[in-house]
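**Student:** The structure follows.
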Amino acid sequence: MPEILVRREGAVGMAIMSNPDKYNAMSLQMWRDLSGRIAELDADPDVHVIVLAGDGDKAFVSGADISQFESQRTDAAAQERYNEAVDAAYLAPIKAGKPVIAQIRGICMGGGLGLAASCDLRICAEDARFRMPAARLSIGYKQPGVRRFVSLIGVQNTYDIFFTARTFGADEALRMGFASQVVPAAKLEETVLALAATIAENAPLTARAVKLTVNAYLGGVAGVDAAAAQAAIDACAGSEDYREGVRAFGEKRKPVFVGR
């Protein structure tokens, strides 16, 4: 059954897109559930980092489940409901106060590419394959999504992947700046969990302030502006974690942060 699975590995919360028979293509219910699962992990005080991954070794997400389009996008109202669910899923990693990592193996195309672009970091296996096929379906890609791609890979690369709708590999994704690391497939989860563990040791208030600042700079995220970012920055200075960080530095020990 197509679903969003949740798994916890210490301070890491994983949301796993599971529809392996269709290369983890996203059903309408999966789009609807994903934003809620990410919000739940973001609200969990024991989770410091969120990881999005695909179920199995064939795909991250191959896109939307197009077989549902005739039944789920039958008229303007139904199409609007569908689009709202997709938009909420894209926004969920951006709105999360915690760092979100995309763990990408195999196919990452269409809606999967858009979802990965909404994450803060993207770690890819060498077998990852990417494609933005909007021009093969005559889809007008929304402005916030296009801005996100421009911010990640630049104007020329954005034009390239949208105009050509071609498939490209992990090495090119790294060259473009879409991927932050490319690793052997057998090392992918190990690498992601090690990175997440490193991030989880650091101050969560700092991570939140940085995310708000970046998203305020990029624009297109409701409720995120320079004032909200500055408030998060100011909150760090008066926090218990700041005092703990200063004490730990003076005592030459590892700080233990609590997120307040």
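The values are calculated or read from the model by the stated rules, or taken from the named source; none is laboratory data. A quick note: this is a predicted structure, and the numbers were derived from the prediction, not measured. Cβ coordinates were reconstructed from backbone atoms using ideal geometry, including for glycine residues, and neighbour counts include every protein chain displayed.
**Student:** Does segment 183-196 contain any residue that is of a type outside the set (Ser, Thr, Tyr), over 17 Å from the mean Cα position of the chain (by Cα) and closer than 19 Å to MET109 by Cβ?
**Tutor:** Yes, segment 183-196 has at least one match.
**Student:** Regarding segment 171-187, can at least one residue be identified that is of a type in the set (Asp, Glu) and under 21 Å from ASP55 (Cα atoms)? Spell out the reasoning first.
**Tutor:** So the first thing to find is which residues in segment 171-187 are of a type in the set (Asp, Glu), and the list is 171-172.
Adding the requirement that they be under 21 Å from ASP55 (Cα atoms) leaves none.
Checking segment 171-187: not a single residue is of a type in the set (Asp, Glu) and under 21 Å from ASP55 (Cα atoms).
**Student:** Moving to a separate point now. Among the residues of segment 128-155, what is the count of those that are small (Gly, Ala, Ser), within 17 Å of the chain's Cα centre (by Cα) and more than 27 Å from ASP57 (Cα to Cα)? Break it down stepwise before answering.
**Tutor:** Here is the first cut: in segment 128-155, the ones small (Gly, Ala, Ser) are 128, 134-135, 138, 140, 145, 151, 154.
Still in the running and within 17 Å of the chain's Cα centre (by Cα): 128, 145, 151.
Next, only the ones that are more than 27 Å from ASP57 (Cα to Cα) stay: 151.
Final tally of qualifying residues: 1.
**Student:** Let me ask something else. Just to be sure I understand, how many residues within segment 17-44 are without any contact (Cβ under 8 Å) to a residue 24 or more places away in the chain and either within 11 Å of ALA96 (Cβ to Cβ) or not assigned by TED's automatic domain parsing to the domain that holds ASP65 (or both)?
**Tutor:** Of the residues in that region, 1 qualify.
**Student:** Could you pull out the residue among GLY259, GLY250 that is free of Cβ contacts under 8 Å to residues at least 24 places away in the same chain and farther than 26 Å from SER151 by Cβ? First the steps, then the outcome.
**Tutor:** Values: GLY259 fails: free of Cβ contacts under 8 Å to residues at least 24 places away in the same chain.
After ruling out the rest, the residue left standing is GLY250.
**Student:** Residue check: is VAL246 among the aliphatic types (A, V, I, L, M), in contact with a helix residue (DSSP H, G or I) (Cβ under 7 Å, 6 or more places away or on another chain) and at pLDDT below 90?
**Tutor:** no
**Student:** Quick check: anything in segment 111-127 over 18 Å from the mean Cα position of the chain (by Cα), within 17 Å of PHE60 (Cβ to Cβ) and surrounded by fewer than 20 Cβ atoms within 10 Å (Cβ to Cβ)?
**Tutor:** Within segment 111-127, one or more residues are over 18 Å from the mean Cα position of the chain (by Cα), within 17 Å of PHE60 (Cβ to Cβ) and surrounded by fewer than 20 Cβ atoms within 10 Å (Cβ to Cβ).
**Student:** Something else now. Mind checking which residues of segment 22-36 are surrounded by fewer than 18 Cβ atoms within 10 Å (Cβ to Cβ) and within 11 Å of ASP65 (Cα to Cα)?
**Tutor:** LYS22, GLN29
**Student:** While we're here: Do any residues in segment 187-213 that are within 21 Å of ALA229 (Cα to Cα) have Cβ atoms under 9 Å from those of residues that are among the acidic types (Asp, Glu) and assigned to a helix (DSSP H, G or I), where the two are at least six apart or on different chains, and which pairs are they?
**Tutor:** From segment 187-213, the pairs are ALA203/ASP241; ALA203/GLU244; PRO204/ASP241; LEU205/ASP241; THR206/ASP241; ALA209/ASP234.
**Student:** Give GLY13, GLY106 a once-over and let me know the one that is within 26 Å of ALA229 (Cα to Cα) and surrounded by 17 or more Cβ atoms within 10 Å (Cβ to Cβ).
**Tutor:** On the way: GLY106 fails: within 26 Å of ALA229 (Cα to Cα).
From the options GLY13, GLY106, the qualifying one is GLY13.
**Student:** If you go through segment 229-260 one residue at a time, how many are exposed (fewer than 14 other Cβ atoms within 10 Å of the Cβ) and either assigned to a loop (DSSP other than H, G, I, E, B) or within 27 Å of the chain's Cα centre (by Cα) (or both)? Give the derivation first.
**Tutor:** If we filter segment 229-260 for residues that are exposed (fewer than 14 other Cβ atoms within 10 Å of the Cβ), which is where we start, we get 231, 234, 237-238, 240, 243, 246-247, 249-254, 256, 258, 260.
If we keep only those that are either assigned to a loop (DSSP other than H, G, I, E, B) or within 27 Å of the chain's Cα centre (by Cα) (or both) too, we end up with 231, 234, 238, 252-254, 256, 258, 260.
Qualifying residue count for the region: 9.
Matching residues to (1) modelled with pLDDT of 95 or more; (2) outside the structural domain of ALA89 (by TED's automatic domain parsing); (3) of a type in the set (Gly, Ala, Ser):
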| residue | (1), (2), (3) |
| --- | --- |
| GLU9 | no, no, no |
| ALA15 | yes, no, yes |
| ASP46 | no, no, no |
| GLY63 | no, no, yes |
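**Student:** Of (1) more than 24 Å from TYR23 (Cα to Cα); (2) in contact with a Lys or Arg (Cβ under 8 Å, 6 or more places away or on another chain); (3) surrounded by fewer than 15 Cβ atoms within 10 Å (Cβ to Cβ), GLN143 satisfies all except one. Which?
**Tutor:** It is condition (2) that GLN143 fails.
**Student:** If you don't mind, another one. Tell me the helices (runs of 4 or more DSSP H) entirely within segment 98-197 that contain at least 2 residues that are at pLDDT below 95 and at positive phi.
**Tutor:** Helices (runs of 4 or more DSSP H) meeting the threshold: none at all.
**Student:** Pick from segment 5-21 the residues that are among the small types (Gly, Ala, Ser) and not in a strand (DSSP E or B): which of them is nearest to ASN202 (Cα to Cα)? Working first, answer last.
**Tutor:** Our first condition is that a residue be among the small types (Gly, Ala, Ser); within segment 5-21, this holds for 10-11, 13, 15, 18.
After this cut, where a residue has to be not in a strand (DSSP E or B) as well, the list is 10-11.
Numbers: GLY10: 15, ALA11: 12 Å.
Ranking the candidates gives ALA11 first.
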